[in-house]
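Below is one structure; the comments refer to it alone.
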Amino acid sequence: MASSKKPRPSPVSTAPADLPGRLREFLQTHHLVGQRLCVGLSGGLDSVVLLHLMQRLRAEVDFTLSAVHVHHGLSPQADAWAAFCADLCADWAIPLAVVRVAIDRRDPRGLEAAARAARYACFAEQPCDGVVLAQHRDDQAETLLHQLLRGAGVKGLAAMPALRRLEDGPIRLLRPLLAHERAELRAYAETHKLAWIEDESNLDPVYSRNFLRHQVLPLIERRFPAYRATLARAARHFADCDHLLDDLAREDAGRVMVDDCLSVSGLAALAPARARNLLRHYLTGRGWPPPPADWLEQALAQLLHARPDAQLRLTVAGRSLVRYRDRIHVLEVLPAAAGGTWPWQGQPVLPLPGLGHLEFAAAEGEGVSAARLALGPVTVRLYPGAGQLRPDCRRPRRSVKKLFQELAVPPWQRGRTPALYCGDHLVWLAGVGVDCAYQARPGEPGWLISWRR
């Protein structure tokens, strides 16, 4: 770690670029004047340069500046790095938040991915309009090459955008230095006599990105000196392709989506590549991580070729993809519904833990007969899966299972459906209706029941 205000000397062959001018242009182009901007500060060369640039421009461009340092606790030097960032921000009169996060070294995603996820979760909680990060053109090239070697799709190969929303929330993630190379940032740091810290883990080739940075890319540079600009251009091409694929998926969804579900027959009518593209778009739009290509292909084959009466369920990371009849549904992990019996004694709202609540509204000549309910204790239970109901007085009593099937209520919803009982008699079932014997007659007081989830 560089502990003094003099940076570690290093030969620099690249003349300092007009970083302040480029940054000013970025901030104005993206309408960041008057915004609350927070720099992600690790204490390394890149983020120190970015923070210095931002503090020089904050009065001129007119934005509020702060910084956040994520303390991962993975290095013996972690406390010293946090102290360095605190001293630096105090010198430059910049408010700093130091946030400690716990990283599980056994995380199946790997240590790098787990630490990154923790950082971005921390960024999403900052009281600001935008989090500004110091990734540059070298990082972009490394990211693209790393994603290519992982077999990533077009979205992964688009690498890092200059601007995006954090977790689809109100905070924007900004990368204003993507057009600049690491050497330009080092030249700027040395010109301004900045100090920074060196993370020893950045030299460890056990991490894939370090292996690429220190052993692979120097060899590529000997043969292809302009590889950084070339790979950055390729990333932009992939980003364009990604946008076009999203547009195509939205167009296909307009024909294939029914009641927020995918139609199996509609999906089968698409060419295989378009079907995979639509399924990927459908899943990621509902919070799924981008699915691997081989999983996506196998899932699509099973969904399209299962028997029409099959209730196919594919589960990954707590989420399920379910085919029921001609529909494909995405299911999240449902909260546990407390079983048992909830007595109803006339209150307008009856909470159902894990299931929302029931609302009871007084009515006349419709709903459940108030007089009939007065004949016995009234309770609400989760429907047990057996019993009969006659919601249409012109038709005979039928099993609830048959009624659910006719109404296309998916099997996974049936056991979580609230039912109203008077004594042991099934009176009302959410989504199905009121039993004929308990329906309010014309002019008779009744109760309209609504299930709010």
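The values are calculated or read from the model by the stated rules, or taken from the named source; none is laboratory data. No experiment lies behind these values; they were computed from the predicted model shown. Heads up, the Cβs are rebuilt from the backbone with ideal geometry, glycines too, and the neighbour counts pull from every protein chain shown. Note: areas computed on protein heavy atoms with side chains; ligands, DNA, RNA excluded. Shrake-Rupley method; radii C 1.70, N 1.55, O 1.52, S 1.80 Å.
Cβ screening of the chain for cysteine pairs under 4.7 Å finds these without a partner: CYS85, CYS89, CYS122, CYS241, CYS261, CYS422. Here the accessible area of the chain is 53 percent carbon and sulfur, with a 1.4 angstrom probe and all protein chains present.
Residue separation of THR29 and ALA293 scaled by 0.36 nm, minus their Cα-Cα distance, works out to 91.4 nm of gained length. When only the Cβ of Lys, Arg, Asp and Glu is charged (+1, +1, -1, -1), the dipole of the chain relative to its Cα centre reaches about 1100 debye.
With the convex hull of the Cα atoms taken as the outline of the range 180-328, the averaged projected area works out to 13.4 nm². If Rh is defined by the Kirkwood formula over all Cα pairs and Rg also comes from Cα, what ratio Rg/Rh do you get for the chain? Ratio value, two decimals: 1.11.
Summed over the residues of the chain and divided among them, the accessible surface reaches 52 Å² per residue at a probe radius of 1.4 Å.
Under a 5 Å amide H cut-off, with hydrogens placed 1.01 Å from N, GLY43 pairs with VAL48 among residues at least 5 apart or on other chains. Quick one: net charge around ASP260, please, counting Lys, Arg +1 and Asp, Glu -1 for every other residue with C-beta under 10 Å from its C-beta. Here the charged neighbours net out to +1. Please work out whether the range 332-453 counts as rounded, prolate or oblate from its C-alpha gyration tensor, where a ≥ b ≥ c are the square roots of the eigenvalues and a/c under 1.5 means rounded, while otherwise a/b larger than b/c means prolate and anything else oblate? The shape class here is oblate.
Of the residues ALA121, LEU111, LEU149, the one whose Cα sits farthest toward the positive end of the charge dipole of the range 63-169, with +1 on the Cβ of Lys and Arg and -1 on the Cβ of Asp and Glu, is LEU149.
Per residue, the convex hull spanned by the Cα atoms of the range 34-175 measures out at 120 cubic angstrom. Taking 7 Å steps out from each Cα toward its Cβ at THR341 and ARG36 produces label points 5.2 nm apart.
Counting only DSSP H runs of at least 4 residues, each contributing -39500 (n - 2.57), and dividing by the residue count of the chain, the helix-based mean residue ellipticity at 222 nm comes to -11000 deg cm²/dmol.
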